[in-house]
Amino acid sequence: MKKILGILFFSILMCNYSFGEAEKVLKEIKKNKDIARGFNKVDEYGQKNKWRVVNKKILKSDKNKRKHILQIVDKSKGHPVRLGNQSIRFEVRAGDSWGWDSRNDRERVELIICCFNKTHWNAWSIYLPEDFPIIFPTKVAMGQFHNDGDNPPEFMFQNQYDKYSKSKAGGYWVTPAESISDHISKKLLDQKDMLGKWNDILINAKWTHKENGFFKIWINGKLLYEHKGKTLLKGDVIEHQLGIYRSFVSRTAGSDPTQIAYYDELRYARSCKKLKLKDLGYSCKEIEGQSIK
């Protein structure tokens, strides 16, 4: 009888001890080569391949109210994937805000990994559904190379307002920090080229406070951006963040609509060759031979 009661108690305990979707993603991304690879080389003060959510308060909140925010999803269920059978789905709804974000006009779901240093290559693929809304004047970031302190992000990727054509253009832009460059945003993709299709982002960066640094971006195999010079401030450590990050949400009258984005093929290596881009359709010889005219 005691044995039976013990088994029942253990079963009840295990039923109550379950992971919310965010916890599942953090557990799976470390070993799921269908989605991410190479990050066992990324070292955060002695801990390798340490994926986190940007805001730890998320994991202390009611998991039943946040199941939607972060999920590993399957091709068999109708979700888009770049390669293989799975991708990561991010969803931010009005009110998806925890801790510091809730006090500072933000809504966010981001994955983060630290620390990137010296010279490296990394890549990811991003997919926006056909109905992905532009929500300007709210600011939407969809990727950052951010220091681990309070300085502005060294490079931020945004779905933003086009101040040059005075339109709510959306699309994919990169903005370097004022502390390392002219702080001028560069459009990498039009909104129409983001919707309903995968886009492959490839980065080659040298992180340094000296003038021999660089930051290059290839979009779908074409070199579209190159920054030369310092890439961080002395003493900074670089973290990589991916997801959906909405700031200044109070600029919008009422609530902003839900936004969903998929990410796949997250890769990291010290050389282009080790990224193994052939399955994505790219040649490192061709990639490395390009220059901006």
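Among beta bridges identified by DSSP and lying wholly in the chain, the antiparallel ones come to about 95 percent. With 27 Å as the limit, write out which pairs from K48/K77; K31/K273; K60/K118; K33/K118 have Cα-Cα distances beyond it, or answer none. Listed pairs above 27 Å: K48/K77; K60/K118.
Placing +1 on the Cβ of every Lys and Arg and -1 on the Cβ of every Asp and Glu, with nothing else charged, gives segment 142-225 a dipole about its Cα centre of roughly 400 debye.
What longest range of the chain stays clear of loop-exposed chymotrypsin sites (Phe, Trp or Tyr not before Pro) (DSSP non-H/G/I/E/B, at most 14 other C-beta within 10 angstrom)? It would help to have the intermediate numbers written out before the result.
Values: sites that count: Y17, F19, Y45, Y164, F248.
The reported range is 46-163.
Test of understanding: extend the Cα→C-beta vector of S102 to 7 Å, then name every residue of segment 110-148 with backbone N under 20 Å from that spot. 110-111, by backbone N distance to the label point. Each residue of segment 26-43 was assigned a 3J(HN,Hα) from its phi angle through the Karplus curve 6.51 cos²θ - 1.76 cosθ + 1.60 (θ = phi - 60°); the sequence is 4, 6, 7, 5, 5, 10, 8, 6, 5, 10, 9, 8, x, 7, 5, 8, 8, 10 Hz, with glycine and proline shown as x.
For segment 108-187, the residue among F136, L111, I126 whose Cα projects farthest onto the positive side of the dipole built from Cβ charges is F136.
Which value, in Å², gives the accessible area per residue of the chain when a 1.4 Å probe is used on the protein heavy atoms?
On the way: 14930 Å² over 293 residues.
Averaged over the residues of the chain, the accessible area is 51 Å².
A straight chain from N212 to D279 at 0.36 nm per residue would run longer than the Cα-Cα distance by 20.9 nm. Sparse packing (at most 11 other Cβ atoms within 10 Å of the Cβ) combined with a DSSP loop state is found for the following GluC sites (Glu not before Pro) in segment 171-236: E178, E211. On full extension, the segment bounded by K33 and D74 gains 13.4 nm, given 0.36 nm per residue less the C-alpha separation.
For segment 174-191, the Karplus equation 6.51 cos²θ - 1.76 cosθ + 1.60, evaluated at θ = phi - 60°, returns couplings of 10, 10, x, 5, 4, 6, 10, 7, 7, 6, 8, 6, 10, 7, 9, 9, 6, 4 Hz by residue, with Gly and Pro reported as x. The HN-Hα couplings worked out from phi for segment 150-160 by the Karplus form 6.51 cos²θ - 1.76 cosθ + 1.60 (θ = phi - 60°) are 9, 5, x, x, 4, 9, 10, 9, 9, 9, 9 Hz, whole numbers, x standing for Gly and Pro. Compared with the dominant Cα axis of the chain, that is its longest principal axis, helix 2-16 is turned about 30°. Of all aspartates and glutamates in the structure, those lying under 12 Å Cα to Cα from K216, and not within fewer than 8 positions of it along the same chain, are E226, E288.
Could you work out the Kirkwood radius for segment 149-293, taking every pair of different alpha carbons, averaging 1/r and inverting it, reported in Å? Please list the in-between numbers first.
Details: mean 1/r = 0.0588 Å⁻¹.
One decimal place: 17.0 Å for the Kirkwood radius.
Surface composition of segment 23-132: carbon and sulfur make up 44 percent of the accessible area, probe 1.4 Å.
The aspartates and glutamates whose alpha-carbon is closer than 13 Å to the alpha-carbon of K57, local same-chain residues fewer than 8 away aside, are E23, D96, D101, E107, E110. Judged by the ratio a/c of the largest to the smallest principal axis of the C-alpha gyration tensor, the chain counts as prolate, that ratio being 1.5 or greater while a/b is larger than b/c. For the chain, the dipole from Cβ point charges (+1 on Lys and Arg, -1 on Asp and Glu) about the Cα centre works out to 820 debye, to the nearest 20. When both segment 95-159 and segment 257-289 are represented by their alpha-carbon centers, they are found 19 Å apart.
For n ≥ 4 DSSP H runs only, could you compute -39500 (n - 2.57) per run for the chain, divide by its residues and tell me the 222 nm figure to the nearest 500? Can you show the working numbers first?
On the way: 5 runs with 36 residues, N = 293.
Per the formula, -3000 deg cm²/dmol.
The values are calculated or read from the model by the stated rules, or taken from the named source; none is laboratory data. Values in this document were obtained by computation on a predicted structure and should not be read as measured data. Virtual Cβ from ideal backbone geometry, glycine too; neighbours counted across all protein chains shown. These accessible areas exclude ligands, DNA and RNA; they are computed on the full protein's heavy atoms, side chains included. Shrake-Rupley method; radii C 1.70, N 1.55, O 1.52, S 1.80 Å.
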